[in-house]
Amino acid sequence: MSASGFAPGRAFAQGAPHVVIIGGGTGGATAAKYLKLGDETVKVTIIEQNQLYQRCYGSNEVLTGYIGMDDITISYDALQSKYGVDFIFDAVTDVDPDARIVRLKSGESVAYDKLIVSPGIDFIWEGTEGYSEEVANSVMPHSWKAGAQTLLLKSQIDAMPDNGTMVIAPPPNPYRCPPGPYERASLLAEMFMAKKPNAKILILDSKDGFAKDQPFMLGWNRLYGSQIPNSKLDGMPDDINRPEAPGMIEWVSGSEGGKVTAVDGRSDDRHHRVGRYD
């Protein structure tokens, strides 16, 4: 439906409607913009903890040095000045759907007519023995959410020796942006070919396949001489490379022992941490 044909006011009772959006990421910000484009009389308030938004898409390019953190850091100035969206920079602690009230960490409460909940992702820390938020923020960053961990991981990648190994452990389904871990491997392999040609990327996967796995593996085969697992050969072109060694990118499926069961973030040598996998 086009913005001109959208009339959200019809869905509300008498008076100026108030839409509250929890979360100012891509989902929440986009919803706010198009609500105002559809009917500028609608009052739209975004409740967001951070004054600036650092988008995850494109953050892999920060890791490889193609762009900087400034390129993925977005302000809310345009939403406020151009579209008239109100902001409350606070954390939501509770929602009362019967009273239509959102309660905030500051102790304040906000009434709404309609509520959009777009809080982003969270992490299941107990899924891997030895991993925790503290470990992630200090020595073993996952960097799936852009921010300080992105810069920490970039510094570790830059310091990795030419013959070093980077381990990527994609999460089990479901998770946001299914191609993300494999896009990261692809971009890093391109950088390593130029700067660390003897480096290796080991993808330890809990799954036996992933979104667009055959196109990814065909690209890795042609660009980096990586082996294509037998389970993924069906439908591949006849002219694929058939190297004897795994190549720069090696993918290990869950059924072949790829599921990571534990990690050790306490090692003094942070460039050679050891993780157990089935």
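Observations, loosely collected:
- Amide proton proximity set for T261, modelled H, under 5 Å, gap of 5+: R276, Y277, D278
- Close amide H partners of F87, meaning residues 5 or more places away or on another chain with modelled amide H under 5 Å apart, are I46.
- Extension gain, E61-T41: 0.36 nm per intervening residue step, less the Cα-Cα distance, totals 3.3 nm.
- Cα centroid separation - segment 30-97 against segment 198-269, whole Å: 36 Å
- For segment 205-218, the Karplus equation 6.51 cos²θ - 1.76 cosθ + 1.60, evaluated at θ = phi - 60°, returns couplings of 10, 7, 9, 9, x, 8, 4, 6, 5, 5, x, 4, 5, 5 Hz by residue, with Gly and Pro reported as x.
- All Cα pairs of segment 125-277, percent lying beyond 18 Å: 59 percent
- Over segment 150-215, relative contact order from alpha-carbon pairs under 8 Å, at least 6 apart, %: 48 percent
- If you take the alpha carbon atoms of segment 15-81 and fit the smallest convex hull around them, that volume is 87 Å³ per residue.
- Each residue of segment 148-159 is assigned a 3J(HN,Hα), and the resulting list reads 4, 5, 4, 5, 5, 5, 4, 5, 5, 5, 4, 7 Hz, derived from the Karplus form 6.51 cos²θ - 1.76 cosθ + 1.60 (θ = phi - 60°), x at Gly and Pro.
- Dividing the mean sequence gap of close Cα pairs (under 8 Å, 6+ apart) by how many residues the chain holds gives a relative contact order of 15 percent.
- Note on A262 and V95: the extension gain reaches 56.5 nm, defined as 0.36 nm multiplied by sequence separation minus the Cα-Cα distance.
- Rh by Kirkwood over Cα pairs, then Stokes-Einstein D for segment 3-117 at 0.890 mPa s and 25 °C, µm²/s: 160 µm²/s
- For the chain, built as a Gaussian network whose Cα springs stay under 10 Å, the top-fluctuating residue of G84, G130, G235: G235
- Near the amide H of I67, within less than 5 Å, lie the amide hydrogens of V62, all on another chain or at least 5 residues away, with H placed in the peptide plane.
- When segment 125-277 is described by a simple charge dipole with +1 on each Lys and Arg Cβ and -1 on each Asp and Glu Cβ, the residue from F192, N241, P170 located farthest towards its positive end is F192.
- Lysines whose Cα lies under 16 Å from that of K195, excluding same-chain neighbours fewer than 8 positions away: K154
- Counting 0.36 nm for each residue step from C177 to Y83 and taking away their Cα separation leaves a gain of 31.0 nm.
- Value of relative contact order over segment 125-277, rounded to a whole percent, pairs C-alpha under 8 Å and six or more apart: 26 percent
- Long-range Cα-Cα pairs in segment 61-121 (distance over 14 Å), rounded percent: 71 percent
- Pairs from K36/K114; K145/K212; K36/K212 whose Cα-Cα separation, in the structure shown, is over 25 Å: K36/K212
- Projected area, mean over directions - segment 49-175, Cα convex hull, nm²: 11.0 nm²
- q = 0.12 Å⁻¹: log10 I(q)/I(0) that the Debye formula gives for the chain, counting C-alpha atoms only: -0.87
- Karplus (6.51, -1.76, 1.60) ³J(HN,Hα), θ = phi - 60°, over segment 219-233, in Hz, Gly and Pro reported as x: x, 5, 5, 7, 8, 10, x, 7, 6, 9, x, 4, 5, 10, 6
- GNM top mover of V260, V95, V252 - the chain, alpha-carbon springs below 10 Å: V95
Values quoted throughout were computed directly from the atomic coordinates according to the rules given, and no laboratory measurement underlies them. Remember, it's a predicted structure, so these values are computed and weren't measured experimentally. Note that each Cβ is placed from the backbone with ideal geometry, even for glycine, and that neighbours are counted across all protein chains shown.
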